[in-house]
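Let me begin by presenting the structure, written as structure tokens, before commenting on it.
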Amino acid sequence: MIRSKALRFLVLLLLGLAFVACSSDGGDDMAEGEQGTPDEAGMQTQENVQPQEQVDEEMALAIADAQRRTAIVNDLIAKAEAAANAGDHLKAHEYYRQALDYDPTNRRASTGYDAMTKLLMDERPKTDKFNAVVAKQQEIQVKAAHYYREGIKARAENRLADAVDNLDRAYQLLKYNESPLATDLNADFVKKVLDDTRELKDRHDRMAAQREQEQIARMKREEEERERLQLQRRKRALWENLLDKFEAEEYDRVERIADAILKLDYKDVDAARIKEAARQARRAIARERNVSDLREEWVTTFMDIKSKMVPETGIIGFPSEEKWKEISARGPIQLSRAAVEDISDADRAVRDALANTVLPKVDWSAKTFAEVIDELTSQTNVNIFATPEARTAGEDAGELGLEFTQIAAEDALAALCGRTELVFTTEGGLVKIQTKAEASKNKVVEFYNVRDLVNGIRNFPGVQLNLNASGVGGGEEALEEEDTEPTRTLEMEGLINLLKTVDPGWDDDENNRIDPMNETGVLIVKQTPAYHRLIRRVLEDLRRNTGVQVAIEARFITVENNFLQEIGVDLRGLGDDTAGVGVAGPGTNRSFDDFGQAGNGFGSPSAPLGIGTGNDSGVFFSDRNGNTDVRGRVENLFDESLGNPATLDSSGGTSFQFAYLDDVQLEAILRAVQKYERTNTVTAPRLLMHNTQRAHLMVLNEVSYVKDFDVEIAQASTIADPVIDKIREGVILDV
């Protein structure tokens, strides 16, 4: 009974497989017919252009065929669902397979086919070995059919890689598991479809590769075209600038611009020719200027010689403000003065254009680096040049993701460079964008003398006045100087930290250097020219307060009003009283020594020394016959000046002298002196010193006098050693 049932099941299974094979053959033929139709249509389209009526007819046939296929698929799916509901899973499986033959992309047919396949695999008989073999072969056939359907479906959806993979799996199952059952889904058939699919995939891959190469070539051509247009704009701008400078006779600038054009296009013959013309013109002008300068120098030399022949009578004054600015701007010789000089007018115009151009709305969220550069160039009318390395780094950044409502063009460019880690500078009338590595190659070394900022300004405080008591005198201890520290504006370390703030990424770049030389007060700085200009500006701002000099003038008036009055009578004897007993006879000559001066001696009438000691003749008269001789004289005649012009004393005045010559010799002198002294002394000190500096000025008169005597004993004799002291009087100005 079991065997009869197994035979009956085997017969039914063979009949079902035969039916499946027939349906599969018809479906495959139909599928192959459908697959061949596009290729044939493509070949016909390439060979001949069909008339419009024939195209419309074929389109109508295609629509009708599609509608017919849809109706067939819906009918087969309905039959499969009915068979599945009736419990005939094998028949339902066959209906779903036929539906997939007509429409491999139908989801209901694909889902039902997979469900029936799973149910059939679970219901395979296990009672007999033959049935197990048949069931296993059927399972392999079902899997191979499943992979085949998936491959055909993937091929219809143009997923050729998945199609090849599924068809290869189906081929491998059929190749190494040959079924004794007669079916149309065999290894040879699947191999043919697999080879055809692989050929189609290779053809598609070649076409895709060709399209990709064409796209790359097109992008390369577009990039080359953009670079060519950018090069043309750059050359046009350089040529316009070159012609302007040539007309302005700035031939050195013309040579540099011509070199820039030759760097862009070394075959530009016109640039080479105009460069040579500018060089010759520059040399000619230099020769003319040298001759003119030599002539002017000789004229100036002769004028200086003539001016030195005239004695200077005017007061030496300070130079004009413009000349003083030129003098104060002088500095030590620098290594790269040209590299850090102030920016040119063209660069300043570029910076002003970037700063004054306001972009109302910026949306760079989905734009690339090159597109942003082109947009900024057109909006600001400024040439913006990016080096190849900078352009590559900008393109690698991809979409920028920047959006601004209202922003200046300079700030927008700074934000762009910050996002792409680039830097920009203005050189030669254009904006140059480069990488940080390229910018570090342009660094130069400069020396900055900062002694006036870090070494401090020495103070000169006035003396400390100590008024001594009466009789003590005015010794050296009366004027004592204070000890003060120099005034420092900044410490060296603080100045270095301040200068580093000009570049926020100073410490990030190892090529940035700032080395102090404390012994000489010099800073050695290695940075780009742009940051050197910022450093110079910071130092100028610091010196704007510390470099100020203050001129102080004062007037001190000393008023003196002195009065001297002296009157008296001097009586003395005129006789010879050397023995102390008087004189018998006429009196002898005695010198009038009341005006003797210390140090000069007193002298005598025969040997006069000093005033009042001579007997000069006054009047001599003799008649014609020589009988009468009259003589007259004035004794003790004052023939020298009296008094000291620097000191008010009692010398001078009125003196009356008379003598009575008799037995009693008597001389009387009446002296009357009255003097007035009224002086106004103006002292005008002037101090020139730095701001916050302390200084003083003294205008003093020092009078030396003998303060005391020190007695020294040497070999039984005493020596008086005078002690000299000074008295100071005058004016001291302490500021």
Provide the per-residue ³J(HN,Hα) series for segment 218-231, in order, calculated from phi with Karplus coefficients 6.51, -1.76, 1.60 and θ = phi - 60°, each as a whole number of Hz, with x at glycine and proline positions. 5, 4, 5, 5, 5, 5, 5, 5, 4, 5, 5, 5, 5, 5
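Note the direction-averaged projected area, equal to a quarter of the hull surface, for the Cα convex hull of segment 249-306, in nm².
Here the figure is 4.3 nm², rounded to one decimal.
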Could you check the simple spin-label distance between ASP165 and ASP374, using points 7 Å along Cα→Cβ, in nm with one decimal? 4.0
I'd like the Karplus ³J(HN,Hα) series for segment 364-380: coefficients 6.51, -1.76, 1.60, θ = phi - 60°, whole numbers in Hz, and an x wherever there's a Gly or Pro. 10, 5, 10, 9, 8, 4, 5, 5, 5, 4, 4, 5, 5, 4, 6, 7, 9
Inter-label distance for LEU700 and LEU264, nm, one decimal - labels placed 7 Å from Cα along Cα-to-Cβ: 7.6
Amide hydrogen neighbours beyond the local backbone of ARG694, cut-off 5 Å, H modeled: PHE460
Could you give the length gained on full extension between THR425 and ARG256, defined as 0.36 nm per residue of separation minus the Cα-Cα distance, in nm? 59.1 nm
So if each residue of separation counts as 0.36 nm, and I subtract the Cα-Cα distance between ASP293 and ALA60, what length gain in nm does that give? 74.0 nm
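Count charges around GLU560 for me, please; just the other residues with Cβ under 14 Å from its Cβ, Lys/Arg as +1, Asp/Glu as -1.
0
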So, R0 is 25 Å and r is the distance between the beta-carbons of GLU493 and PHE460; what FRET efficiency does that work out to, to 0.05? 0.35
Could you work out how far the C-alpha centroid of segment 508-522 sits from that of segment 435-467, in angstrom? 13
Which residues qualify? For ASN383, with a placed amide H closer than 5 Å and at least 5 residues away or on another chain, they are VAL431
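Work out the length of the dipole vector of segment 684-734 about its Cα centre, built from +1 on the beta-carbon of each Lys and Arg and -1 on the beta-carbon of each Asp and Glu, and round it to the nearest 20 debye.
460
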What ranking of ILE724, ILE274 emerges when the number of other C-beta atoms within 10 Å of each C-beta is taken as an exposure proxy, fewest first? ILE724, ILE274
Pairs to check: LYS79/LYS201; LYS367/LYS441; LYS432/LYS500; LYS220/LYS275; LYS267/LYS432. Give those whose C-alpha atoms are more than 28 Å from each other in this structure. LYS79/LYS201; LYS367/LYS441; LYS220/LYS275
Extend 7 Å from the Cα of ILE327 along its Cα-to-C-beta direction; within segment 675-697, residues with backbone N under 14 Å of that point are 688-689
Round to a whole angstrom and tell me the spacing of the C-alpha centers of segment 362-379 and segment 542-559. 59
What FRET efficiency comes out for ASN680 versus LYS308 if R0 is 25 angstrom and r is the Cβ-Cβ distance? Round to the nearest 0.05. 0.10
Cα-centred dipole magnitude for segment 249-306, charges only on beta-carbon of K, R (+1) and D, E (-1), debye, nearest 20: 160
Qualifying lysines (Cα of each under 26 Å from Cα of LYS707; at least 8 residues distant if same chain): LYS726
Give me the one-decimal Kirkwood hydrodynamic radius in Å for segment 684-734, with the sum taken over alpha-carbon pairs. 14.7
Under 23 Å from LYS308, Cα to Cα: lysines that are on another chain or at least 8 residues apart: LYS323
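Note the full-extension length gain between ILE285 and ASP196 as 0.36 nm times their separation in residues minus their Cα-Cα distance, in nm to one decimal. If you can, show how the numbers build up before the last one.
On the way: separation 89, 0.36 × 89 = 32.04 nm, distance 8.35 nm.
Difference between extended and current length: 23.7 nm.
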Got a sec? Charge dipole of segment 684-734, +1 on Cβ for Lys and Arg, -1 for Asp and Glu; which of VAL723, LEU687, LEU697 is way out at the positive end? LEU687
Using the basic label-point model (7 angstrom from Cα toward the beta carbon), what is the GLU566 to ASP710 distance in nanometres? 3.5
Placing unit charges on C-beta atoms (Lys and Arg positive, Asp and Glu negative, everything else neutral), compute the dipole magnitude of segment 372-444 about its Cα centre in debye, rounded to 20. 360
For each of THR301, THR683, THR380, count neighbouring Cβ atoms within 10 Å of the residue's Cβ, then give the residues from fewest to most. THR301, THR683, THR380
In order over segment 89-99: 3J(HN,Hα) from phi, Karplus 6.51/-1.76/1.60, θ = phi - 60°, whole Hz, x for each Gly or Pro, gives 6, 5, 5, 4, 4, 5, 4, 4, 5, 5, 5
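Where a number appears in this text, it was derived from the coordinates with a stated rule and is not lab data. Note that the structure is predicted; figures quoted are calculated from it, not measured. We place every Cβ from the backbone using ideal geometry, glycine too, and count neighbours over all the protein chains shown.
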